[in-house]
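Asks: Below is one structure. I have some questions about it.
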Amino acid sequence: MKYYGFIAVSLFVLGVLASSIGCMLGWFAQEALFQLLRGLLPQHVASPGLLAVFFGFIIGMAVLLGFALPPLLRLKPSVSVTSIAPRTGAITQ
């Protein structure tokens, strides 16, 4: 059972890092595009808000869980993973 906990924690950490980086890149890309296309856009364009960043983060986590979690849950602990566990203490059965 600790094997699945290790997968869940690893997937969560990966999701938080990837979603955070994606949200930051999206924020800066939107600002850069607004600055580049300032002459073609209307006078007042809404700036990116924290609500958009929050939705982007949640969608990133949902997509990661939806595509990565089902295949990972079908995996069984293998000999290579359980042989590493006593040395790292991460996975024990």
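A short reminder: the numbers here are calculations on the coordinates, not readings from a lab. The shown structure was predicted, so the numbers you read here are calculated from the model rather than taken from an experiment. Cβ sites come from the backbone with ideal geometry, for glycine too, and all protein chains shown count toward neighbours.
Asks: What's the total number of residues in region 28-63 that are among the aliphatic types (A, V, I, L, M), closer than 30 Å to Leu11 by Cα and either assigned to a loop (DSSP other than H, G, I, E, B) or touching a Phe, Trp or Tyr at 6+ places or on another chain (Cβ under 9 Å) (or both)? Can you show your working first?
Replies: Here is the first cut: in region 28-63, the ones among the aliphatic types (A, V, I, L, M) are 29, 32-33, 36-37, 40-41, 45-46, 50-53, 58-59, 61-63.
Add one more test, that the residue is closer than 30 Å to Leu11 by Cα, and what stays is 29, 50-53, 58-59, 61-63.
This time we only want the ones that are either assigned to a loop (DSSP other than H, G, I, E, B) or touching a Phe, Trp or Tyr at 6+ places or on another chain (Cβ under 9 Å) (or both), so: 52-53, 61.
Number of matching residues: 3.
Asks: A further question follows. Look through region 1-54, keep the residues that are of a type in the set (Phe, Trp, Tyr) and surrounded by 12 or more Cβ atoms within 10 Å (Cβ to Cβ), and return whichever of them is farthest from Leu69 (Cα to Cα).
Replies: Taking region 1-54 and keeping what is of a type in the set (Phe, Trp, Tyr), we get 3-4, 6, 12, 27-28, 34, 54.
Then keep just the ones that are surrounded by 12 or more Cβ atoms within 10 Å (Cβ to Cβ); that gives 3-4, 6, 12, 27, 34.
Working: Tyr3: 13, Tyr4: 10, Phe6: 12, Phe12: 10, Trp27: 27, Phe34: 36 Å.
That would be Phe34.
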